[in-house]
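Here's the structure, in structure tokens; my notes come after.
The values are calculated or read from the model by the stated rules, or taken from the named source; none is laboratory data. Computed from a predicted model, the values in this text were never measured in an experiment. Here Cβ is always computed from backbone atoms with ideal geometry, including for glycine, and neighbour counts include all displayed protein chains. When the accessible area is computed, the model is the full protein with side chains, heavy atoms only, and any ligands, DNA or RNA have been set aside. Shrake-Rupley method; radii C 1.70, N 1.55, O 1.52, S 1.80 Å.
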Amino acid sequence: QVQLVESGGGLVQPGGSLRLSCAASGIIFSNYAMGWYRQAPGKQRDLVALISSRGSTTYADSVKGRFTISRDNVKNTVYLHMNSLKPEDTAVYYCRATQYVDYWGQGTQVTVSS
């Protein structure tokens with residue numbers, strides 16, 4: 001059974017930082033591209049960052065220079081380090097594993113507000 005479990009969300013003030021984690025089980029983690037997506041209320045789910053199985057990264061323009069995606073193939077975990085958070089970063093953040101099929105986590109809420 002494949003599971004992706006996100007954690008690390010919460011309430012943070014503008015300018016603050018958070019680190020999201022996504023722990024995977026039931027897959028050969030190192031073979032999968034991993035991604036973080038987010039969905040704000042009333043909006044579509046958008047890509048935030050991707051990391052390939054080989055470690056190459058891609059970012060949405062809105063988060064370049066502020067967010068960093070990384071992976072630990074020993075811990076089967078992908079991370080999203082988020083700095084200089086803005087109110088517009090408020091959303092539910094989802095983890096996705098992609099190889100020949102897609103798996104999604106349940107999401108973790110990030111709220112940026114003073």
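Give me a count of the residues in segment 56-66 that are within 18 Å of ALA91 (Cβ to Cβ) and either over 14 Å from the mean Cα position of the chain (by Cα) or exposed (fewer than 14 other Cβ atoms within 10 Å of the Cβ) (or both).
Within segment 56-66, residues that are within 18 Å of ALA91 (Cβ to Cβ) and either over 14 Å from the mean Cα position of the chain (by Cα) or exposed (fewer than 14 other Cβ atoms within 10 Å of the Cβ) (or both) number 3.
Please go through segment 74-98 and pick out each residue that is open to solvent by 70 Å² or more (accessible area, probe 1.4 Å) and closer than 23 Å to TYR32 by Cα.
VAL74, LYS75, listed by residue number.
Condition test on SER17, is it out of contact with any Lys or Arg (no Cβ under 9 Å at 6 or more places or on another chain), touching a residue at least 40 places away in the same chain (Cβ under 8 Å) and within 21 Å of THR111 (Cβ to Cβ)?
Details: out of contact with any Lys or Arg (no Cβ under 9 Å at 6 or more places or on another chain): yes; touching a residue at least 40 places away in the same chain (Cβ under 8 Å): yes; within 21 Å of THR111 (Cβ to Cβ): yes.
Spelling it out, SER17 is indeed out of contact with any Lys or Arg (no Cβ under 9 Å at 6 or more places or on another chain), touching a residue at least 40 places away in the same chain (Cβ under 8 Å) and within 21 Å of THR111 (Cβ to Cβ).
Residues that are in contact with a strand residue (DSSP E or B) (Cβ under 8 Å, 6 or more places away or on another chain) and more than 21 Å from GLY26 (Cα to Cα): which strands (runs of 3 or more DSSP E) entirely in segment 58-109 hold 1 or more of them? Step through it out loud before you land on a result.
Numbers: elements: 67-72, 77-82, 91-98, 102-104.
Counting at least 1 such residues, we get 67-72, 77-82, 91-98.
Condition check ((1) assigned to a loop (DSSP other than H, G, I, E, B); (2) among the aromatic types (Phe, Trp, Tyr); (3) within 14 Å of the chain's Cα centre (by Cα); (4) loosely packed, with under 13 Cβ neighbours inside 10 Å) across all residues:
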{"residue": "GLN1", "(1), (2), (3), (4)": "yes, no, no, yes"}
{"residue": "LEU11", "(1), (2), (3), (4)": "no, no, no, yes"}
{"residue": "LEU20", "(1), (2), (3), (4)": "no, no, yes, no"}
{"residue": "ALA24", "(1), (2), (3), (4)": "no, no, yes, no"}
{"residue": "ILE27", "(1), (2), (3), (4)": "yes, no, no, no"}
{"residue": "GLY35", "(1), (2), (3), (4)": "no, no, yes, no"}
{"residue": "LYS43", "(1), (2), (3), (4)": "yes, no, no, yes"}
{"residue": "ALA49", "(1), (2), (3), (4)": "no, no, yes, no"}
{"residue": "ARG54", "(1), (2), (3), (4)": "yes, no, no, yes"}
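Spot the failing condition for TYR32; the list is (1) at pLDDT below 95; (2) over 15 Å from THR108 (Cα atoms), and only one is missed.
(1)
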